[in-house]
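A.B. asks: Have a look at this one before I ask anything.
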């Protein structure tokens, strides 16, 4: 299957720039998949694909209003989780006053292979 | 729950379809045939759930429950989704056939509801339509690709269509209180009228790729949807019978009417309770929890 470059414009005044890549059998499917994989969170106002190594640009038909969806997707972005740490802290403190604690293991904060004393 | 304002039946039918099908779509996350499609289908699943949330929000004052309670705090017989939405995913061809049939049917009913006399619903539907265009594009692209594709893909897709088209017809099962919804202009057109519009367009799509034979499996007298096991949830009415499908005067039309009650009356297939148990498990374990 061919590799396609995915291009996007963040604002209407921008030029198309490469934002990623994907595999697809033809331009129609490449455009569909580019839209689904790269432009679902209001990342831009226009999108296009180009078969890698070729010059022809295939521009997507969805306009800026449609591109990226219209319903609340904040949970899919980093800012959607602002305040979660503070909330966890409040819950921990509230539980502690009742002699309770949140159980379970937390994933390690360090990358695999790093020495524990490297962060000491 | 459905005694009183018939607008609640309409909202729950629309929302439950979206929530339950979104749940099924989400089961493909991590398992779709390739990673790009995995993301695409997951996005569609999230869209459907987001649309359900919008509709539940509109239903809140009618039902007197919070958003989460409307979505997850009801008994199985209080869900009004069509059977098509609750069926297990099967293989990828079945899933795509169902997605195509559902989203083309959904487009027909949303187009009608965009001119509803209930202004809040009409506005909400217009928002949904912007995202449903993604789903239609996706469904139509795969429809063409599989219908014109290699023999095996085409055959599997045809099998998926044949397996789902009868239950897709039941998406247009008349709603409880539909007469009043029509009289008030909340529903601009009858469910049967919408079915006719969808079937005609579906017939044209299928004829264009010589797959219209799948409709012949649903001729007059073949449309009864008899529950297949004792797991069926009784909603208090007879088994749902759906109209047959025939080609008449050059177009595909429905023949006969709906009888009994199906998903729109809270009557579900044996596949619904396991789905409901999983979908509502967290809510039922921690009712009223804030996130």
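A.B. asks: What tally of residues in the stretch A:40-50 results from selecting those that are within 12 Å of another protein chain (Cβ to nearest Cβ) and not in a loop (DSSP other than H, G, I, E, B)?
C.D. replies: Matching residues across the stretch A:40-50 total 1.
A.B. asks: Next question. State whether one or more residues within the stretch B:80-103 are outside any loop (DSSP other than H, G, I, E, B) and touching a strand residue (DSSP E or B) at 6+ places or on another chain (Cβ under 9 Å).
C.D. replies: yes
A.B. asks: With modelled with pLDDT under 95 and under 30 Å from residue B:197 (Cα atoms) as the only criterion, which of B:43, B:115, B:69 stands out?
C.D. replies: Just a single option satisfies the conditions, and that option is B:43.
A.B. asks: Let me ask something else about it. Do you know which of the residues in the stretch A:15-32 that are part of a loop (DSSP other than H, G, I, E, B) and either more than 17 Å from residue A:67 (Cα to Cα) or free of Cβ contacts under 8 Å to residues at least 24 places away in the same chain (or both) is farthest from the other protein chains (Cβ to nearest Cβ)?
C.D. replies: Applying the first criterion (part of a loop (DSSP other than H, G, I, E, B)) to the stretch A:15-32 yields A:15-16, A:25-26.
Retained after the next criterion (residues that are either more than 17 Å from residue A:67 (Cα to Cα) or free of Cβ contacts under 8 Å to residues at least 24 places away in the same chain (or both)): A:15, A:25-26.
Numbers: A:15: 25, A:25: 8, A:26: 9 Å.
If we take residues in the stretch A:15-32 being part of a loop (DSSP other than H, G, I, E, B) and either more than 17 Å from residue A:67 (Cα to Cα) or free of Cβ contacts under 8 Å to residues at least 24 places away in the same chain (or both), then A:15 is farthest from the other protein chains (Cβ to nearest Cβ).
A.B. asks: Here is a list: B:10, B:55, B:65. Which entry is on the phi < 0 side of the Ramachandran plot, away from every other protein chain (no Cβ under 13 Å) and buried (at least 23 other Cβ atoms within 10 Å of the Cβ)?
C.D. replies: So the residue among B:10, B:55, B:65 that is on the phi < 0 side of the Ramachandran plot, away from every other protein chain (no Cβ under 13 Å) and buried (at least 23 other Cβ atoms within 10 Å of the Cβ) is B:10.
A.B. asks: Only one residue in A:53, A:69 is within 13 Å of chain B (Cβ to nearest Cβ), free of Cβ contacts under 8 Å to residues at least 40 places away in the same chain and in a loop (DSSP other than H, G, I, E, B). Which one? Give the steps one after another, and end with the answer.
C.D. replies: Numbers: A:53 fails: within 13 Å of chain B (Cβ to nearest Cβ).
On inspection, the qualifying residue turns out to be A:69.
A.B. asks: Go through (1) part of a loop (DSSP other than H, G, I, E, B); (2) at pLDDT 95 or above one by one and return the number of the condition residue A:112 breaks.
C.D. replies: (2)
A.B. asks: Can you confirm whether residue B:32 is modelled with pLDDT under 95 and either in contact with a strand residue (DSSP E or B) (Cβ under 7 Å, 6 or more places away or on another chain) or within 18 Å of residue B:125 (Cβ to Cβ) (or both)?
C.D. replies: no
A.B. asks: Then there's this: Would you mind finding the one in B:24, B:75, B:87 that is free of Cβ contacts under 8 Å to residues at least 40 places away in the same chain, over 24 Å from residue B:112 (Cα atoms) and away from chain A (no Cβ under 14 Å)?
C.D. replies: The unique qualifying residue is B:75.
A.B. asks: Considering only residues of the stretch B:27-58 that are without any contact (Cβ under 8 Å) to a residue 12 or more places away in the chain and in a helix (DSSP H, G or I), which is farthest from residue B:132 (Cα to Cα)?
C.D. replies: The residue in question is B:35.
The values are calculated or read from the model by the stated rules, or taken from the named source; none is laboratory data. Not measured: the values here are computed from a predicted model. Glycine also receives a Cβ, built like all others from the backbone with ideal geometry; neighbour counts cover every protein chain displayed.
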